[in-house]
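The values are calculated or read from the model by the stated rules, or taken from the named source; none is laboratory data. It should be emphasised that the depicted structure is a prediction, and the values quoted were computed from it without experimental measurement. Don't worry about glycine lacking a Cβ; one is built from the backbone with ideal geometry, like all the others, and counts go over all protein chains shown. Side chains included, ligands, DNA and RNA excluded: accessible areas come from the protein's heavy atoms. Shrake-Rupley method; radii C 1.70, N 1.55, O 1.52, S 1.80 Å.
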Amino acid sequence: MSSNAKSSAEAAFPIDNASQNSGSTTDIPHKSLLWGRQREGVTFSTSGVEDAHYKPIERYEGMHRYDPKFEWEPEEERKVVRKIDKRICTWVCLMFFALQLDRGNITQALSDNMLPDLGLNTNDYNYGQTIFYVSFLSAELPSQLISKKLGPDNWIPIQMISWSLVASMQAFLSGRKSFFACRALLGLLEGGFIPDNILYLSYFYTGWELPARLSWFWVSYQSTQIISAFLAYGLLRLRGVNGMEGWRWLFALEGMLTGLIGISSWFYLPASPTQTASRFRGKAGWFTEREEKIMVNRILRDDPSKGDMHNRQALSLRDLLDTLLDYHMWPIYLLGLTWLIPTTPMTAYLTLQLRSLGFSTFQTNLLTIPAYTLFILQLLLSTFLSERLNSRFLISSLSQIYALPLLLALYLLPSQNVSPWSRYTLSILLVGHPYIHAILVAITSRNAGSVRTRTVASALYNMCVQASNIVAQNIYREDDKPLYRRGNRVLIGICSVNFFLFIGVKVFYVWVNARRERVWSAMSNEQKEEYLRSTKDRGNKRLDFRFAH
């Protein structure tokens, strides 16, 4: 290789040839597998073994661009990543905007007296949201299995168009039964959308790049709250037009907008980095042949397991069962069940809380904006720090340290002679908490260790998060309002336990990696080759796999 053609991997990981030639078993990253990988930490320890052990299957959609000897300049890779950001990530964020628009606009509808108009109370609202989350949870895994068979590029638009119709039909709600029915249908149709998109993004980004993109994924989610607050400010003023309440116009018009985005997505989304050519995207596609080779080879050198399946390959029953029984992923699922509970009730009840403090419908919607702005800033900061410091679970534990004093203050705040602005400030700070969902979603994808496991694991983690929403949705009760002291006491206890859970999960993965490293480092290169040739271990069960933590 010429001196001016150094790869990004060589720049980051200089190879000691003397050490390699001496047959040392020191874990030196394998040069040809590391282009595109950044900083320390690898998915597979590949020192002293041949590239053939990490070759993708023949049916892999990018096989025609696979080349273990291919080289490229770091600047070329940066340009390709920027192009992927522009073409893929921004559109995925737009689709997530559409999801949250229809999933979250019920909070604006509440501020326009939707519950009294339908003859419902707080408990009815809780039951409706519980039905939604149970339905959402139930659809997660089936949606992932369908997505893996049809391809996310086909399944995601079908989901969006379907739920947009139900979302619009909420304009014709008539009471308790219709409210419950619509919540159930929305949950079933929206469930799986998030892990479907995560699977789709994993086709284009390395494990190190995914958390940052997922953080923007959830920035778009929270930006929706800000945008929808302004939309609600205008749409809710339509109350009385054609004899309809403002919240009915809100559901109808925002549902139509989501449908348009869904239809556009059907034509826009490509199946993979090497399948962008079409009548609508251009006969030549979005990327040149060299750019496609860079995309395929950098993805496989970052995580060779991504070449184990093609993007239209369904999972077998054995794959499903193996993932369900994968105990190495259970600690992350456990965190999914609990970490979000301390802040969820206030997020769900923010507009009702502000109305109880005496603010009008229009003031309430505008006063939520600072919370969502703070949320975005803390989301980006926490995700950045987790990757910068290469410490995911410790940074994530800060979300609980942040929430605990705010919950204590809400619990201890006297009921008399307190400015509504004091309670407003505490509510805003709590809703604007460090949202570490992007960190945990990315680490679920990475620690899965294979496309098979990743497909199911992402759904299982999200199912756990939805289960936590079901619990959280029923902590604030009608007989405990407006201060919800009993509910806040429960949240304080859960928040305290969560901190120790994050530390425990960190220790678990450090211990597993250290144990595997001792065994792997003690093996000769020949023994490593024999292990890789003969092992029946798959994904994160392989001795050369290392968990991120």
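Applying the criterion of being in a loop (DSSP other than H, G, I, E, B) and of a type outside the set (A, V, I, L, M, F, W, C) to the residues of segment 508-544, the residue that is surrounded by the fewest Cβ atoms within 10 Å (Cβ to Cβ) is Lys536.
When every residue of segment 177-187 is checked against the conditions, at least one turns out to be among the hydroxyl-bearing types (Ser, Thr, Tyr), in contact with a helix residue (DSSP H, G or I) (Cβ under 8 Å, 6 or more places away or on another chain) and open to solvent by 10 Å² or more (accessible area, probe 1.4 Å). Entry remark, segment 464-493: residues being in a helix (DSSP H, G or I), open to solvent by 40 Å² or more (accessible area, probe 1.4 Å) and touching a residue at least 40 places away in the same chain (Cβ under 8 Å) number 4 in total. Among residues belonging to segment 41-50 that are open to solvent by 20 Å² or more (accessible area, probe 1.4 Å) and in contact with a helix residue (DSSP H, G or I) (Cβ under 9 Å, 6 or more places away or on another chain), point out the one that is modelled with the highest pLDDT. Checking each candidate, the answer is Val42. Examine segment 266-273 for a residue that is in contact with a Ser or Thr (Cβ under 9 Å, 6 or more places away or on another chain), among the hydrophobic types (A, V, I, L, M, F, W, C) and either within 30 Å of Val166 (Cβ to Cβ) or not assigned by the TED database to the domain that holds Gly207 (or both), and state whether such a residue exists. Yes: segment 266-273 contains one or more residues that are in contact with a Ser or Thr (Cβ under 9 Å, 6 or more places away or on another chain), among the hydrophobic types (A, V, I, L, M, F, W, C) and either within 30 Å of Val166 (Cβ to Cβ) or not assigned by the TED database to the domain that holds Gly207 (or both). When you check Thr343 against the structure, is it within 25 Å of Leu210 (Cβ to Cβ), touching a helix residue (DSSP H, G or I) at 6+ places or on another chain (Cβ under 7 Å) and of a type outside the set (A, V, I, L, M, F, W, C), yes or no? Answer is yes for this residue.
In this structure, Asn121 does not satisfy being open to solvent by 50 Å² or more (accessible area, probe 1.4 Å) and on the phi > 0 side of the Ramachandran plot. Only one entry in Leu120, Leu137, Leu186 is assigned to a helix (DSSP H, G or I) and at pLDDT below 90, namely Leu137. Take Phe384 and tell me if it is at pLDDT 85 or above and either surrounded by 19 or more Cβ atoms within 10 Å (Cβ to Cβ) or in a loop (DSSP other than H, G, I, E, B) (or both). So Phe384 does not fit the description; no. If the condition is being touching a Lys or Arg at 6+ places or on another chain (Cβ under 9 Å), open to solvent by less than 10 Å² (accessible area, probe 1.4 Å) and of a type outside the set (Phe, Trp, Tyr), then segment 146-163 contributes Lys148, Gly151. In the set (1) at pLDDT below 85; (2) in contact with an Asp or Glu (Cβ under 8 Å, 6 or more places away or on another chain); (3) in a helix (DSSP H, G or I), Gly207 fails one condition alone, (3). The number of residues in segment 212-271 being of a type in the set (S, T, N, Q), under 21 Å from the mean Cα position of the chain (by Cα) and surrounded by fewer than 20 Cβ atoms within 10 Å (Cβ to Cβ) comes to 1.
Residues checked against (1) aliphatic (A, V, I, L, M); (2) open to solvent by 70 Å² or more (accessible area, probe 1.4 Å):
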site: Leu377; (1), (2): yes, yes
site: Gln400; (1), (2): no, no
site: Ala403; (1), (2): yes, no
site: Tyr424; (1), (2): no, no
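Counting only helices (runs of 4 or more DSSP H) that sit completely within segment 49-116, those holding 2 or more residues that are of a type outside the set (A, V, I, L, M) and free of Cβ contacts under 8 Å to residues at least 40 places away in the same chain correspond to 74-84. Of everything listed in (1) within 30 Å of Ser468 (Cα to Cα); (2) in contact (Cβ under 8 Å) with a residue 12 or more places away in the chain; (3) in a helix (DSSP H, G or I); (4) not charged (D, E, K, R), the single unmet condition for Phe547 is (3). In segment 272-298, of all residues being among the hydrophobic types (A, V, I, L, M, F, W, C) and without any contact (Cβ under 8 Å) to a residue 12 or more places away in the chain, the one that is most open to solvent (accessible area, probe 1.4 Å) corresponds to Ala284. Tally time: how many residues in segment 417-475 are under 22 Å from Asp319 (Cβ atoms) and hydrophobic (A, V, I, L, M, F, W, C)? Going through segment 417-475 one residue at a time, the tally reaches 11. Only residues that are surrounded by 13 or more Cβ atoms within 10 Å (Cβ to Cβ) and not in a helix (DSSP H, G or I): list them for segment 405-422, please. Of everything in segment 405-422, just one residue is surrounded by 13 or more Cβ atoms within 10 Å (Cβ to Cβ) and not in a helix (DSSP H, G or I), namely Leu413. Within segment 299-316, not a single residue is closer than 30 Å to Gln108 by Cα and open to solvent by 30 Å² or more (accessible area, probe 1.4 Å).
Scanning segment 466-489 for residues that are in contact with a Ser or Thr (Cβ under 6 Å, 6 or more places away or on another chain) and of a type in the set (D, E, K, R) yields one hit, Glu478. Pairing residues of segment 443-458 that are closer than 13 Å to Ala548 by Cβ and open to solvent by 10 Å² or more (accessible area, probe 1.4 Å) with residues that are assigned to a loop (DSSP other than H, G, I, E, B) and hydrophobic (A, V, I, L, M, F, W, C), at Cβ distances under 7 Å and at least 6 apart in sequence or on separate chains, gives Arg446/Ala548. Checking each residue in segment 55-98 for being modelled with pLDDT under 85 and either open to solvent by 40 Å² or more (accessible area, probe 1.4 Å) or over 27 Å from the mean Cα position of the chain (by Cα) (or both) picks out Lys55, Ile57. Leu335 - would you say it is over 21 Å from Ala442 (Cα atoms) and buried (at least 18 other Cβ atoms within 10 Å of the Cβ)? No: the conditions fail for Leu335.
Taking into account only those residues within segment 342-363 that are buried (at least 24 other Cβ atoms within 10 Å of the Cβ) and out of contact with any Phe, Trp or Tyr (no Cβ under 9 Å at 6 or more places or on another chain), which is farthest from Val507 (Cα to Cα)? Restricting to residues being buried (at least 24 other Cβ atoms within 10 Å of the Cβ) and out of contact with any Phe, Trp or Tyr (no Cβ under 9 Å at 6 or more places or on another chain), the top hit is Leu350.
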